[in-house]
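The values are calculated or read from the model by the stated rules, or taken from the named source; none is laboratory data. In this text, all values refer to a predicted model and were calculated from it rather than measured experimentally. With ideal geometry, Cβ positions are generated from the backbone for all residues, glycine too; neighbour counts draw on all protein chains shown. Side chains are part of the model used for accessible areas, which takes the heavy atoms of the whole protein and leaves out ligands, DNA and RNA. Shrake-Rupley method; radii C 1.70, N 1.55, O 1.52, S 1.80 Å.
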Amino acid sequence: MAEQAYDVIVIGSGVMGSSTAYSLAKKGKKTLILEQFPVLHSRGSSHGLSRITRLAYREQYYTDMMVDAFKMVAELERETGTELLINCGTLSIGPENDDYLRDVEKALNRVGAAVDALTNDQMRKRYPMLSYPQNYVGLLDRKGGLLKADCILRALQTVFRQRGGEIRDCEPVMAIHPGATVTVTTSKGTYRAASVVVAAGSWADKILRPLGLNLPVTIQRVTVCYCKELHPDSHSAQHLPCYIEHNGSPPYDMWGLPSYEYPGYAKIALHTGPEISPETRDQPDGKWVTDRVTAYVKEHFPGLEPTPSITEQCIYTVTPDEDFIIDQHPQHHNIIVAAGFSGHGFKLAPVVGDALSDMAVGRVPKYDMKPFKIARFKTAARL
């Protein structure tokens, strides 16, 4: 096959790669997505029907980015005529005077967000399916809710293709050859571009090591649990918001969503899991994760059967500080790295994609990118 030339090649068709390609196509750039698996596969971190979205972050830079992320999802809804967000709110739960809740409230107030600060009595009255100690309170981010994850991924790829973008799936990348023009060799061909964005999820480190970059990420298998309602419709989005408890199962966070994928079954998960290799994701055993979920549901959700009826898996690629990696390769500046989204990246994908597309065409992103630099990890680059 003759070499084919593009403005930008994006490696990975998950939500970060697809968001980046979508933004590049809207900028008029000839863009190729390369994907090792069939498109819309379930091997990574972007599959499934739902994700939490929220303005509520304790870090101001994420809250500032989320302001634009909501606008971008609304634009994608208009472009595709598809509902992508169920606005049921996102409830942060914790003890009174909790530092995490205080930081979240400050960040929300700074952007003028609609917030309901709920006492324990108010939280019990509004959400009778929840049971927390008397000293616990709630902070409802009214803009938050449930993202229709699979619909968002399809919408991004649909608009990308409509604008002339190309996706080649079932085509693993074998090598990246740096230079003023970057050459990418796959199992089926050779492609050239002015720049390359590596957004390959848990496979990013494998792709980047030959380029002298050793990212300090760990791969975790997260078990998402679905617990059956004891009373029909009691945990639907009409009654229950998305929710997060920082240190809900110490030292790990707990999070969940109202019933959606499986009507009558609420979604809940521990924000961690056993470390794995992406090639052997079913090992080791993770029973300790479902045991923690069962104990949490038994204590705080009296209207659900504590033992999960259904479980599914998702992959987290986690950095030591749980901030993202969004940066140029330290030596090859036309190779852009997007990795380590640490289980909270999906909601930010439209903004991340916009920033990556700017970097790929030599522009400076409008956002504060300092928290995402590779240089914060002393041992990342071995050049």
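Could you count how many residues in segment 247-260 are touching a Phe, Trp or Tyr at 6+ places or on another chain (Cβ under 7 Å) and either surrounded by fewer than 20 Cβ atoms within 10 Å (Cβ to Cβ) or free of Cβ contacts under 8 Å to residues at least 12 places away in the same chain (or both)?
Matching residues across segment 247-260 total 1.
Would you call Arg58 charged (D, E, K, R) and at pLDDT 95 or above?
No; evaluated as a whole, the condition is false for this residue.
Has segment 18-38 got at least one residue that is among the aliphatic types (A, V, I, L, M) and under 14 Å from Asp150 (Cα atoms)?
Looking through segment 18-38, none of the residues is among the aliphatic types (A, V, I, L, M) and under 14 Å from Asp150 (Cα atoms).
Can you give me the number of residues within segment 40-60 that are touching a Cys at 6+ places or on another chain (Cβ under 7 Å) and farther than 15 Å from Gly89 by Cβ?
Number of matching residues: 2.
Tell me yes or no: at least one residue of segment 284-294 is part of a strand (DSSP E or B), of a type in the set (Asp, Glu) and open to solvent by 20 Å² or more (accessible area, probe 1.4 Å).
No: zero hits.
Somewhere in segment 24-41, is a residue surrounded by fewer than 24 Cβ atoms within 10 Å (Cβ to Cβ), outside any helix (DSSP H, G or I) and β-branched (Val, Ile, Thr)?
yes
Assuming Val8 fulfils every condition listed in (1) surrounded by fewer than 23 Cβ atoms within 10 Å (Cβ to Cβ); (2) in a strand (DSSP E or B); (3) touching a Ser or Thr at 6+ places or on another chain (Cβ under 7 Å) apart from one, which condition is it?
Only one criterion is unmet by Val8, namely (1).
In segment 105-143, which residues are in a helix (DSSP H, G or I) and open to solvent by 40 Å² or more (accessible area, probe 1.4 Å)?
Scanning segment 105-143 gives Glu105, Lys106, Asn109, Arg110, Asp121, Gln122, Arg124, Lys125, Arg126.
How do the strands (runs of 3 or more DSSP E) wholly within segment 296-383 filter down when requiring 3 or more residues that are touching a residue at least 60 places away in the same chain (Cβ under 8 Å), buried (at least 19 other Cβ atoms within 10 Å of the Cβ) and among the aliphatic types (A, V, I, L, M): which remain? Break it down stepwise before answering.
Numbers: elements: 310-318, 325-328, 335-339.
Where strands (runs of 3 or more DSSP E) fall fully within segment 296-383 and carry at least 3 residues being touching a residue at least 60 places away in the same chain (Cβ under 8 Å), buried (at least 19 other Cβ atoms within 10 Å of the Cβ) and among the aliphatic types (A, V, I, L, M), they are 335-339.
Taking the criterion of being touching a Ser or Thr at 6+ places or on another chain (Cβ under 8 Å), open to solvent by 30 Å² or more (accessible area, probe 1.4 Å) and closer than 26 Å to Arg43 by Cα, would at least one residue in segment 268-277 satisfy it?
yes
Looking only at segment 144-158, decide whether some residue is in a helix (DSSP H, G or I) and open to solvent by 70 Å² or more (accessible area, probe 1.4 Å). Reasoning before the result, please.
First pass over segment 144-158, keeping only residues in a helix (DSSP H, G or I): 149-158.
Next, only the ones that are open to solvent by 70 Å² or more (accessible area, probe 1.4 Å) stay: 154.
Yes, segment 144-158 has at least one match.
I'd like to check something: does segment 188-202 contain any residue that is in a helix (DSSP H, G or I) and either open to solvent by 20 Å² or more (accessible area, probe 1.4 Å) or hydroxyl-bearing (Ser, Thr, Tyr) (or both)?
Yes, segment 188-202 contains at least one residue that is in a helix (DSSP H, G or I) and either open to solvent by 20 Å² or more (accessible area, probe 1.4 Å) or hydroxyl-bearing (Ser, Thr, Tyr) (or both).
Hey, could you check segment 43-97 for residues that are under 30 Å from Pro172 (Cβ atoms) and basic (Lys, Arg) and say which is least open to solvent (accessible area, probe 1.4 Å)?
Arg51
Right, Gly28: within 18 Å of Ile315 (Cα to Cα) and not acidic (Asp, Glu) or not?
It is false that Gly28 is within 18 Å of Ile315 (Cα to Cα) and not acidic (Asp, Glu).
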